[in-house]
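For reference, the structure discussed in these notes is given below.
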Amino acid sequence: MSTVSYRRAEAADVPALARFGAASFAHTFGHNYPAAELAAYLARAYDPAKIAGEVADPACRTELVLGPDGAVLGYSYAGPLDLPVADPEPGAWELKRLYLDPAVQGTGVAQRLWQTCLAAAIAARAPALYLGVWSANDRAQAFYRRLGFTEVGTYHFQVGRVIDVELILRLRLGQPD
């Protein structure tokens, strides 16, 4: 998509990034959760102080996609593995978030954000890249499988009283999976 630009997130982007992340999560997954429990989760997960720490962390990479007006249209966030993976490879990385505004889905923006994440993981000499994806998010699963990810486990993701099953996917870097 030619009307967008890409760059690494900076401290000044934190308020917009926190708002976009919360809105994206709510848009995509909000129907699964009671309103009060969703609001409490969003306040914790997308707290500007938490997002500021993620953006400032030199071990991680937060990449933005911006519209012509400078509005956030998407972002990816990747870094050292935090998922509950049995016997992870030392130094493995995780694609923690890849969120897009619905207006840019299917335009190649996700592929570009993915390439930036992959390059950062390779530069960090990560032997593998993991991610968690909701078991009912068929579109995201299909995207990641096209990139070469394979399922290696599951875990539970909790928002309030609701517990979702998430798939853990892995892509080995530098060798076939």
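The values are calculated or read from the model by the stated rules, or taken from the named source; none is laboratory data. Source: prediction; values computed, not measured. Reconstructed Cβ throughout: ideal geometry from the backbone, glycine too, with neighbour counts over all protein chains shown. Note: areas computed on protein heavy atoms with side chains; ligands, DNA, RNA excluded. Shrake-Rupley method; radii C 1.70, N 1.55, O 1.52, S 1.80 Å.
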Selection from the range 109-135 of residues over 16 Å from the mean Cα position of the chain (by Cα) and loosely packed, with under 13 Cβ neighbours inside 10 Å yields Ala123, Arg125
Over the range 75-107, the set of residues part of a strand (DSSP E or B), among the hydrophobic types (A, V, I, L, M, F, W, C) and out of contact with any Pro (no Cβ under 9 Å at 6 or more places or on another chain) is Ala78, Leu95, Leu98, Leu100
Query raised in the report: Is it true that Thr154 is of a type outside the set (A, V, I, L, M, F, W, C) and assigned to a strand (DSSP E or B)?
Result: yes
Filtering the range 1-55 down to residues that are among the hydrophobic types (A, V, I, L, M, F, W, C) and in contact with a Pro (Cβ under 9 Å, 6 or more places away or on another chain) yields Val4, Val14, Leu17, Ala18, Ile51
Of the residues in the range 108-130, those that are in a loop (DSSP other than H, G, I, E, B) and out of contact with any strand residue (DSSP E or B) (no Cβ under 8 Å at 6 or more places or on another chain) come to Gly108, Arg125
### Message
Pro68 - would you say it is open to solvent by 60 Å² or more (accessible area, probe 1.4 Å) and at pLDDT 95 or above?
### Response
no
Going through the range 26-54 in order, the residues found to be surrounded by 19 or more Cβ atoms within 10 Å (Cβ to Cβ) and in contact (Cβ under 8 Å) with a residue 60 or more places away in the chain are Tyr33, Leu38, Tyr41
Over the range 7-16, the set of residues touching a Leu at 6+ places or on another chain (Cβ under 7 Å) and either closer than 17 Å to Pro102 by Cα or surrounded by fewer than 16 Cβ atoms within 10 Å (Cβ to Cβ) (or both) is Arg7
If we ask which residues in the range 116-144 are of a type in the set (Lys, Arg) and in contact (Cβ under 8 Å) with a residue 12 or more places away in the chain, their number turns out to be 1
Per the filter on the range 1-53, residues among the charged types (D, E, K, R), over 26 Å from Val162 (Cβ atoms) and assigned to a loop (DSSP other than H, G, I, E, B) are Glu10
